[in-house]
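Working notes, beginning with the structure itself.
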Amino acid sequence: MKINRIFASAILSISLVTGATLAVAPATSATQIVVAQSPTETAPTPAPFTATPNAQGSLVIKADPSSRVVYKAKGQKAKAVKTNKAGTVQIKKLTPGVKLTLTTKIAGATKRITAVPEGQVVAANNLRVLTTEIPGQLQLTWQHVNTPAQGAVSYTVTAAPIGSTTDAITGTTTSNEFVLTDLDLNDRFEFSVTAENTVSRAAPTMALMTKTLNDLQGKAVVTTPVAPVKPATTPVATPAIAPSPIAPVGPSTKTIYLCPDTFTEVGGLCEKSMAYTFTTADYTYHPESRTESCSGPDCPGSVYMDMGYIESPTWGQVHCPNGGTVYGNTCMAWSTSSKQVTYQVKDATPTGFTDNGSIWSKKDELPAGYTDNGSNWLSTTPKIARVVPA
């Protein structure tokens, strides 16, 4: 099955499985999608330190065997777990959509990663099916509410012929539209779109064709020839005038308005969003010193000196009143002195950055042509005109 860039030329009337009537609007330009294409590249080797969602509110951590892993969400207390002999451990009861920072030691070096536990994915909605200017081609579009708790969402699209032994067509995409080509014009189809993330799958959103593609598109214009002109009744042999052929009626055209590639129609405008990007920086430190009291051979100015003694009137034993050590009949001890101690202090948070408890971070500058809607960057543009066959 091939994928083409298409434009809407007719509107399908379809019925949702739920019983609601679906009035189909003109299609937007579709991004190119490879349907049911098997992967050809070898999966990359997993990183030595990873955290992967495996169930709702749960992560599976891989690190060195029997190693300590600390995880922390912003504004929450850090917690720690220990991997088993295989180097894995599962943490549960996490809040979906809340980013965690995880740290561990690998080969003596501190490694830090981030991970986001996922929750139940919601179903797609507003499924529309549209014909195009190419016979046997359909475009499916739908909407989906994206939230951080759902993570990355993909869609499985299925077109199953109704009352036919032909195999169903299935493909996957991360876009909100899908193009089907080379469909049998005599078939009706049942369509479904199923949203899924790493840990869950939503109920499918479905639509049902009420007419075949032949009823909607791809029909040729039928013309009727003109009757031949009668010959003259005079005896002069005059050949009959052959009728002039009728030129096929050319298709009329119409102007439709579509969103540019990578944009999706929302409320009559074309929009595309971009997730925030961030610049991060590891903590830096500076030395500071302070004076601390000390005693002993490593303490400057401390001397081993006679501290005096008390002889017990009962036993004749020597007792050292100041914690010294008995040396003959004398108490010896180190005198108290002081020394300068240097230690490392974290620097102040750089201008424009915030401290999330494990690293400094700041949101990047707004990209050109975008606005900030509080959850991501958003770009809008008007539709563009295109002339297509009526």
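Read-outs throughout are calculated quantities, based only on the coordinates presented, and are distinct from any laboratory measurement. On a predicted model such as this, the values are computed, not experimentally measured, just so you know. As a convention, Cβ positions derive from the backbone with ideal geometry for all residues, glycine included, and neighbour counts pool all protein chains shown.
Remark: for residue pairs 99/383; 111/363; 62/363; 85/362, the C-alpha separation exceeds 31 Å in 99/383; 85/362. Modelled this way, with points 7 Å down the Cα-to-C-beta line, the labels at residue 66 and residue 257 are 7.0 nm from one another.
Based on the Cβ-Cβ distance from residue 269 to residue 185, what FRET efficiency comes out when R0 is 25 Å, to the nearest 0.05?
On the way: r = 35 Å, r/R0 = 1.38.
Efficiency for this residue pair is about 0.15.
On the beta carbon distance between residue 198 and residue 336, with R0 = 56 Å, the FRET formula returns roughly 0.35.
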